[in-house]
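Okay, so here's the structure we're looking at.
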Amino acid sequence: MSERITTKGGAGYKAIPPEAYGTPLPKKTPINFEKRKAALSESNRIAMKRLITATSVSFLFVILQIIGGDSAHLASDMFGFAISILSLKYS
């Protein structure tokens, strides 16, 4: 840190360097919208893949539960997966 000496009204005094006020603010950089959009698109693609996998496995279990008994709980979970898939697809 450098100390600056300035004069004010003929009397000399030490000015407080900007670094003394805390961490200096970083330089502003322009927002890279293309990079941000690509990152969000990749994130949505991964989420969609996972949701489709979970829905496929759940569908298999629903079919097995229809054959063997109660399937309402898992079917309601699949409905939630479908809503998530649609929201990712149309967002």
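The values are calculated or read from the model by the stated rules, or taken from the named source; none is laboratory data. Computed from a predicted structure; not experimentally measured. A quick note on method: Cβ atoms are made from the backbone with ideal geometry, for glycine too, and the neighbour counts reach across all protein chains shown.
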For I52: the one exception among (1) modelled with pLDDT under 85; (2) assigned to a helix (DSSP H, G or I): (1)
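Does S71 meet the test of being of a type outside the set (D, E), modelled with pLDDT of 90 or more and touching a helix residue (DSSP H, G or I) at 6+ places or on another chain (Cβ under 6 Å)?
Values: of a type outside the set (D, E): yes; modelled with pLDDT of 90 or more: no; touching a helix residue (DSSP H, G or I) at 6+ places or on another chain (Cβ under 6 Å): yes.
No.
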Do any residues in the stretch 39-50 that are in contact (Cβ under 8 Å) with a residue 24 or more places away in the chain and surrounded by 11 or more Cβ atoms within 10 Å (Cβ to Cβ) have Cβ atoms under 9 Å from those of residues that are outside any helix (DSSP H, G or I) and of a type in the set (G, A, S), where the two are at least six apart or on different chains, and which pairs are they? N44/S91
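Mind checking whether some residue in the stretch 59-79 is part of a helix (DSSP H, G or I), at negative phi and under 17 Å from the mean Cα position of the chain (by Cα)?
Taking the stretch 59-79 as the starting set, the residues that turn out to be part of a helix (DSSP H, G or I) are 59-68, 72-79.
Going one step further and asking which of them are at negative phi, we end up with 59-68, 72-79.
Cutting the leftovers down to under 17 Å from the mean Cα position of the chain (by Cα) gives us none.
No: the stretch 59-79 contains no residue that is part of a helix (DSSP H, G or I), at negative phi and under 17 Å from the mean Cα position of the chain (by Cα).
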